[in-house]
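Student: My questions will all concern the structure given below.
Read-outs: derived from the displayed coordinates by stated rules, not from any lab. All figures in this text were calculated on a predicted structure; none of them were measured in a lab. FYI the Cβ positions are ideal-geometry reconstructions off the backbone, even for glycines, and counts take in every protein chain you see.
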Amino acid sequence: MDIVIELRQLTKRYGGTTAVDDLTCTIEPGHVTGFLGPNGAGKSTTLRLILGLHEPSGGTVTVDGVRFRDHARGLRHVGALLDANDVHAGRSATAHLTALAVSNRIPRRRVAEVLAEVGLSAAARRRVGGYSLGMKQRLGIAAALLGDPPVLLFDEPFNGLDPEGVRWVRELFGRLAAQGRTVFVSSHLMSEMEHTADRLVVIGRGRLIAEERLADFAARSANPRVTVRTSAPTALAAALVGAGGAVDTDSTGTLTVTGLAAERIGELAAVRGIAVHELYTRTSSLEEAFMRLTADSVEYQAGEER
């Protein structure tokens with residue numbers, strides 16, 4: 001498939017507000033690329049620009065080298081879930097998907113196939129107005145898959161899903177990427193993105209902050225901490241501080257050390273004959289790395305007066 005999404009100096013302004021600001025990045029096939037940013041960062045606007053739902057104020061965005069609107073029968077090229085509630089409540093899932101199939105010249109057999117894939121076969125003829133949010137998310141994913149497209153965009157696909165549904169979506173995205181598709185997923189749920197994406201595009205106030213592998217993003221902003229349990233916390237803490245480490249001691253005597261690697265801590269304890277009962281390193285989670293790198297891009301800070 002090898003179809004990429006390319007954003008080149010993409011900009012979108014609404015009056016005096018710049019929602020997307022000179023954004024340049026490439027979303028590649030064969031990966032689940034997570035799209036992260038604080039609230040108001042411009043993520044949803046960017047997705048709409050990719051799909052041609054908004055017109056750029058400047059720059060370009062292409063799918064396989066051309067604008068999305070220039071692709072005939074769009075659902076065969078890009079499948080998207082932007083808003084799970086954007087479905088006529090009086091229609092059944094079958095009617096909704098059939099209308100999409102007919103308008104995009106997609107074989108009607110695909111309707112039953114994608115409903116089965118997302119687990120909605122038994123509810124296919126029920127009115128969507130009676131669906132839970134999780135069921136609507138599954139229907140939105142079915143619509144995205146309908147044309148068997150090489151490119152897939154999802155905005156907050158985990159909302160409303162129970163743990164089984166979240167696991168299913170995570171595995172689905174992984175399978176789609178393994179097939180060589182381009183999978184671009186926007187979400188504010190860091191714990192899920194940490195287990196779903198292998199690449200990241202991170203923006204703040206509409207501008208690019210990072211475009212790299214998830215592991216590299218976390219490592220670049222990591223502040224490793226080593227937890228140590230020992231029979232002599234006071235003596236070991238003094239030795240670690242003397243070696244240039246920073247040490248916090250909790251009420252149980254457990255040490256949290258920064259500035260020294262676990263190997264060095266073990267060596268210092270051994271030289272002094274101090275027994276170590278537990279020693280392990282904890283690096284930053286995706287959420288911690290994200291919060292650190294986007295701190296200057298948060299539009300509304302809790303506790304701020306405006």
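Student: Which order do 155, 296 fall in if you start with the one that has the fewest other Cβ atoms within 10 Å?
Tutor: On the way: 155 21, 296 9.
Exposure proxy ranking, most exposed first: 296, 155.
Student: Starting from the Cα coordinates of region 5-213, work out the convex hull volume and express it per residue in Å³.
Tutor: Working: hull volume 24.2 nm³, N = 209.
Dividing the Cα hull volume of region 5-213 by its residues yields 116 Å³.
Student: Please compute the length gained on full extension between residue 17 and residue 291, using 0.36 nm multiplied by the number of residues separating them and subtracting their Cα-Cα distance.
Tutor: Values: separation 274, 0.36 × 274 = 98.64 nm, distance 2.38 nm.
Between residue 17 and residue 291, full extension yields 96.3 nm more.
Student: Mind giving me the FRET efficiency for residue 76 and residue 167? R0 is 41 Å, r the Cβ-Cβ distance, nearest 0.05 is fine. Walk me through the intermediate numbers first.
Tutor: Numbers: r = 29 Å, r/R0 = 0.70.
Once the sixth-power term is evaluated, E becomes 0.90.
Student: Out of the DSSP beta bridges found with both residues in region 153-239, what percent are antiparallel (nearest 5)? Don't skip to the answer; put the middle values down first.
Tutor: On the way: 6 of 9 bridges.
Percentage antiparallel, nearest 5: 65.
Student: Whose amide H sits under 5 Å from the amide H of residue 81, counting only residues 5 or more places off or on another chain, with H placed in the peptide plane?
Tutor: 153, 154, 155
Student: Sticking with this one: Under a GNM of the chain (C-alpha, springs under 10 Å), which listed residue has the highest mean-square fluctuation: 37, 129, 206?
Tutor: So, out of 37, 129, 206, the one fluctuating most is 129.
Student: What distance in nm separates the simple spin-label points at residue 133 and residue 261, each placed 7 Å from Cα in the Cβ direction?
Tutor: 4.5
Student: Mind putting a number on the dipole of the chain about its Cα centre? Charges go on the C-beta only, +1 for Lys and Arg and -1 for Asp and Glu, and I need it in Debye to the nearest 20.
Tutor: On the way: 35 positive and 35 negative charges, 251 e Å.
It works out to roughly 1200 debye.
Student: For a protection proxy built on the mean count of beta-carbon atoms within 10 angstrom, sort 79-86, 61-68 highest first, please. Walk me through the numbers on the way to the answer.
Tutor: On the way: 79-86: 18.4, 61-68: 16.8.
With the highest mean Cβ count within 10 Å placed first, the list reads 79-86, 61-68.
Student: Hey, another quick one. With each label point set 7 Å from Cα along the Cα-Cβ vector, what nm distance links residue 67 and residue 275?
Tutor: 7.4
Student: On to the next question. Please work out the ratio of the alpha-carbon Rg of region 225-282 to 2.2 N^0.38 Å and round it to two decimals.
Tutor: On the way: Rg = 9.6 Å, N = 58, 2.2 N^0.38 = 10.3 Å.
Working it through for region 225-282, the quotient is 0.93.
Student: Simple spin-label model, 7 Å along Cα-to-Cβ: residue 243 to residue 109 in nm?
Tutor: Here the modelled spin labels are 6.7 nm apart.
Student: Among 66, 9, 42, pick out the residue whose Cα is farthest towards the positive end of the charge dipole of region 3-69, where Lys and Arg carry +1 and Asp and Glu carry -1 on C-beta, about the Cα centre.
Tutor: 42
Student: Quick check: the distance between the Cα centres of region 21-71 and region 237-280, to the nearest angstrom?
Tutor: 47
Student: Could you tell me what percent of the DSSP beta bridges with both partners in the chain are antiparallel, to the nearest 5?
Tutor: Of those bridges, close to 65 percent are antiparallel.
Student: Given +1 on the Cβ of Lys and Arg, -1 on the Cβ of Asp and Glu, and no further charges, what dipole in debye does region 225-282 carry about its Cα centre, rounded to the nearest 20? Intermediate results must be reported in sequence, preceding the final value.
Tutor: Values: 5 positive and 5 negative charges, 7 e Å.
Roughly 40 debye, rounded to the nearest 20.
Student: Want the number for residue 126 to residue 179: 0.36 nm per residue separation, take away the alpha-carbon distance, what's left?
Tutor: On the way: separation 53, 0.36 × 53 = 19.08 nm, distance 3.20 nm.
Between residue 126 and residue 179, full extension yields an extra 15.9 nm.
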